[in-house]
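A.B. asks: Sharing a structure, written as structure tokens. Questions coming.
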Amino acid sequence: MKFLFAILLTAIISAGITFAVVQKDSGLSQAEGKSNDPFEKLYSTYDTLKGEFYQDTNQEKLVDGAIKGMLQSLDDPYSTYMDEEEAKGFNENISSSFEGIGAEVQESDGKIMIVSPIKGSPAEKAGLKPKDKILKVDDKSVEGMTVNEAVMLIRGEKGSKVQLVIERDGVGELDFNLTRDTIPLETVYTEVENGIGKVQITKFSETTGKELADALNELNEQEVKGLVLDLRQNPGGLLDQAIAMSDIFVPKGKTIMQIENKDGSKEVQKSQNDSAVNVPVVVVVDNGTASAAEIMAGALHQSAGIPIVGEKTFGKGTIQTAKSFEDGSSIKYTIAKWLTPDGSWIHKKGIEPQYKAALPAYANLPYLNPDKELKQGDSSAEVKVAQQMLQALGYKNVKTDGFYEETTKQAVTEFQTKNSLKTTGSISGETTIKMLETLQAQLKENDTQMEEAIKVLNEQM
């Protein structure tokens with residue numbers, strides 16, 4: 001009884017919870033199962049994690065922390081408690097459109113890190129990158145927050161603005177001003193060029209499998225000679241969709257993935273259908289390719305012999321499930337590891353492509369804030385970024401020393417004249433936005449990773 005007495009003295013406000021849980025563990029609780037028991041949800045969470053979490057748990061941490069503490073004590077960025085509003089947002093993210101900036105985030109070493117921006121989202125347009133760490137949201141530090149607490153700050157109504165301070169490796173702190181928008185449901189995009197079908201999959205939501213099947217049928221009618229599956233900047237999503245979509249490409253009976261349970265037992269997921277694709281295929285990935293997207297990339301390469309082009313993937317090798325409560329809240333927690341067909345666990349390692357290809361250097365340039373004016377006489381890191389952008393846009397005489405001198409002003413004036421902008425010689429507002437948009441369009445035309453994928457595909461056709 002000394003231990004229990006010490007706990008009761010430590011925090012009076014939590015004494016009831018602590019005492020009830022200790023009683024339950026001792027087999028003394030009579031409250032479990034009563035519909036009016038205020039601790040019913042706590043008991044359910046406790047039992048679920050003890051029985052189903054994919055690693056052994058520390059009982060003392062679970063008891064001390066109650067529901068949120070139980071999840072936080074697991075030191076797993078993918079396990080978390082969500083109140084009603086947070087759970088609604090999570091469900092929207094995998095099943096329908098929602099309003100926000102459009103970026104998948106996770107906790108990493110105590111910081112909120114971007115996994116990948118979503119195609120066409122404000123986050124992508126602003127230049128947010130995988131592995132960017134969010135430090136502040138509207139001048140409020142997110143240090144120590146859970147992922148869901150940070151997400152609720154970042155999300156908001158379409159048209160509203162949000163300011164982010166992020167930390168980028170090798171660059172330092174950067175400021176972003178974003179306007180929230182509706183993030184669409186559509187997750188599969190296609191185009192045909194020179195007889196090759198390009199299929200971009202942006203995430204794995206409830207409708208993605210059907211979208212992919214419809215897209216492949218349309219491409220088949222156009223008699224494409226080969227396919228490039230673009231999984232870049234895809235943060236993942238639903239496991240069942242990844243398996244169903246891999247099934248389209250992996251020969252019947254071949255392994256798609258393995259699931260390793262808490263007790264070490266393994267479940268092998270095999271393709272159930274004959275491969276529906278009879279043309280050569282190449283997969284393109286980058287460091288924003290994560291989770292379900294990595295499952296698909298690994299399955300297609302190891303079990304269907306499909307080559308992978310691009311950069312090393314993100315490296316998320318665990319599986320989560322969600323348990324909902326009557327009040328609308330829920331817990332999301334890790335239940336297993338997933339392994340590639342050959343039994344490799346790519347967690348925190350990623351998948352290495354067979355054909356490495358990087359985008360042009362300017363693809364990694366930081367975002368410039370349109371609200372901030374850069375003018376002759378200024379000297380700063382932002383000026384250097386602007387100069388690098390101008391060089392990438394063809395103004396080769398511009399120095400990249402961070403000092404806004406006459407040559408930089410002349411290049412800016414020329415850019416403004418060429419694009420029918422007000423010729424101020426300074427960079428702000430419409431000029432900044434136009435520079436960013438022009439670079440984005442240029443990158444699409446000079447997509448070196450896609451070019452390498454098409455080269456590899458042509459060698460197979």
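A.B. asks: Look through segment 326-350, keep the residues that are more than 22 Å from TYR81 (Cβ to Cβ) and in contact with a Lys or Arg (Cβ under 7 Å, 6 or more places away or on another chain), and return whichever of them is surrounded by the most Cβ atoms within 10 Å (Cβ to Cβ).
C.D. replies: GLY350
A.B. asks: Out of all the residues in segment 214-224, which are under 29 Å from LYS312 (Cβ atoms) and either out of contact with any strand residue (DSSP E or B) (no Cβ under 6 Å at 6 or more places or on another chain) or in a strand (DSSP E or B) (or both)? Before you say what the answer is, go through the steps one by one.
C.D. replies: Initial filter on segment 214-224 (under 29 Å from LYS312 (Cβ atoms)): 215-216, 219, 224.
Selection gives LEU216 alone.
A.B. asks: Mind telling me which of the residues ALA215, ALA244 ends up being modelled with pLDDT of 95 or more, farther than 21 Å from SER121 by Cα and open to solvent by 40 Å² or more (accessible area, probe 1.4 Å)?
C.D. replies: Details: ALA215 fails: open to solvent by 40 Å² or more (accessible area, probe 1.4 Å).
On inspection, the qualifying residue turns out to be ALA244.
A.B. asks: Within segment 132-155, work out how many residues are in a loop (DSSP other than H, G, I, E, B), at pLDDT 85 or above and surrounded by fewer than 16 Cβ atoms within 10 Å (Cβ to Cβ).
C.D. replies: Number of matching residues: 3.
A.B. asks: Further question on the same structure: Which members of segment 283-336 meet the condition of being of a type in the set (S, T, N, Q) and in a loop (DSSP other than H, G, I, E, B)? Steps first, please.
C.D. replies: Here is the first cut: in segment 283-336, the residues of a type in the set (S, T, N, Q) are 287, 289, 291, 302-303, 313, 318, 320-321, 324, 329-330, 334.
Result: ASN287, THR289, SER291, THR313, SER329.
A.B. asks: Among the residues that make up segment 376-383, is at least one of them over 34 Å from the mean Cα position of the chain (by Cα) and open to solvent by less than 20 Å² (accessible area, probe 1.4 Å)? Full working, then the answer.
C.D. replies: We begin by selecting, within segment 376-383, every residue over 34 Å from the mean Cα position of the chain (by Cα); these are 376-379.
Adding the requirement that they be open to solvent by less than 20 Å² (accessible area, probe 1.4 Å) leaves none.
Within segment 376-383 (the criterion being over 34 Å from the mean Cα position of the chain (by Cα) and open to solvent by less than 20 Å² (accessible area, probe 1.4 Å)), the answer is no, since none of the residues qualifies.
A.B. asks: Quick one: which helices (runs of 4 or more DSSP H) sit completely within segment 342-461 and have at least 2 residues that are free of Cβ contacts under 8 Å to residues at least 24 places away in the same chain and either of a type in the set (Gly, Ala, Ser) or more than 26 Å from HIS301 (Cβ to Cβ) (or both)?
C.D. replies: Values: elements: 381-392, 406-418, 429-445, 448-460.
Hits in segment 342-461: 381-392, 406-418, 429-445.
A.B. asks: Next question. If I ask for residues that are open to solvent by 70 Å² or more (accessible area, probe 1.4 Å) and at pLDDT below 90, which ones from segment 159-174 would you list? Before the answer, list the steps.
C.D. replies: Of the residues in segment 159-174, the ones open to solvent by 70 Å² or more (accessible area, probe 1.4 Å) are 161, 163, 169-171, 173.
Hits for segment 159-174 are ASP169, GLY170, VAL171, GLU173.
A.B. asks: Keeping to segment 74-123, report how many residues are polar (S, T, N, Q), part of a loop (DSSP other than H, G, I, E, B) and modelled with pLDDT of 80 or more. Write out each step before concluding.
C.D. replies: Just the residues of segment 74-123 that are polar (S, T, N, Q), to begin with: 79-80, 91, 93, 95-97, 106, 108, 116, 121.
From what is left, the residues that are part of a loop (DSSP other than H, G, I, E, B) are 79, 96-97, 121.
Still in the list and also modelled with pLDDT of 80 or more: 79, 121.
Count: 2.
The values are calculated or read from the model by the stated rules, or taken from the named source; none is laboratory data. Only a predicted model underlies this, so the values are computations on that prediction, with no experimental measurement involved. Ideal geometry is used to build each Cβ from the backbone, glycine not excepted, and the neighbour counts take in all protein chains shown. When the accessible area is computed, the model is the full protein with side chains, heavy atoms only, and any ligands, DNA or RNA have been set aside. Shrake-Rupley method; radii C 1.70, N 1.55, O 1.52, S 1.80 Å.
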